[in-house]
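Below is one structure, written out as structure tokens; the observations come after it.
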Amino acid sequence: MQYYLAENYLPHEKPMVMIEHVHQIDENSCICSVDVNQHSILAPFLNEDNSLSNFYAIELMAQTIGVWNGYHGMKNNQPPRLGMLLGGRSITTTLPTFPHHSRLMIHANLVLADARLANFDCQIMIEKQCVVSGKLNVYEPDNNELDFLFGKKRLGEQKQ
């Protein structure tokens, strides 16, 4: 199946879109990728040696979940929605940085979903070797909650 670039499924704007290609999406999983080099969308975030610090891993995994959610929303004629990363568990990495000229394959697998709250088991692979793994908890706020978070009104207040 042919997919759009990841930016089409996310509510983010450049330079905060940090993943590029979508390889697979189904009911319970998503696989995306991004290249680590000075010509990729990651260029603004690279270290002096053109590597990417491993602390970006959680955002790469969260955006892959966002692509999964945006794709399923598009199937229901809904625009991409803002999601919130609530936290992560058991996040481990084998590398301090992602090397220059590596391709990061980011996998997100749905473990549990309940209304707007979900848990995903995620991995980042380089050449079929898992270099990061962890579980992310995510939440999709409704419009009322978003308005409250961004100071547009108080929670529970009716729209005029």
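Readers should treat all values here as calculations from the given coordinates under stated rules, not as data from a laboratory. These numbers were taken from a predicted model, which means no experiment stands behind them. FYI the Cβ positions are ideal-geometry reconstructions off the backbone, even for glycines, and counts take in every protein chain you see.
Tabulated data
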{"quantity": "Residues (among the β-branched types (Val, Ile, Thr) and touching a helix residue (DSSP H, G or I) at 6+ places or on another chain (Cβ under 8 Å)) located in the stretch 73-109", "calculated": "ILE91, THR93, THR97, ILE106"}
{"quantity": "Within the stretch 114-134, considering residues that are more than 14 Å from LEU85 (Cα to Cα) and of a type in the set (Gly, Ala, Ser), the one nearest to the chain's Cα centre (by Cα)", "calculated": "SER133"}
{"quantity": "Within the stretch 43-66, tally of residues that are out of contact with any Pro (no Cβ under 9 Å at 6 or more places or on another chain) and closer than 23 Å to VAL138 by Cα", "calculated": "11"}
{"quantity": "Any hit, the stretch 19-29, residues being surrounded by fewer than 20 Cβ atoms within 10 Å (Cβ to Cβ), part of a strand (DSSP E or B), polar (S, T, N, Q) and without any contact (Cβ under 8 Å) to a residue 40 or more places away in the chain", "calculated": "yes"}
{"quantity": "Residue match in the stretch 73-88 (condition: of a type in the set (Lys, Arg), free of Cβ contacts under 8 Å to residues at least 12 places away in the same chain, within 23 Å of HIS12 (Cβ to Cβ) and surrounded by fewer than 17 Cβ atoms within 10 Å (Cβ to Cβ))", "calculated": "yes"}
{"quantity": "Sole exception among (1) surrounded by fewer than 17 Cβ atoms within 10 Å (Cβ to Cβ); (2) in contact (Cβ under 8 Å) with a residue 60 or more places away in the chain for ALA62, by number", "calculated": "(1)"}
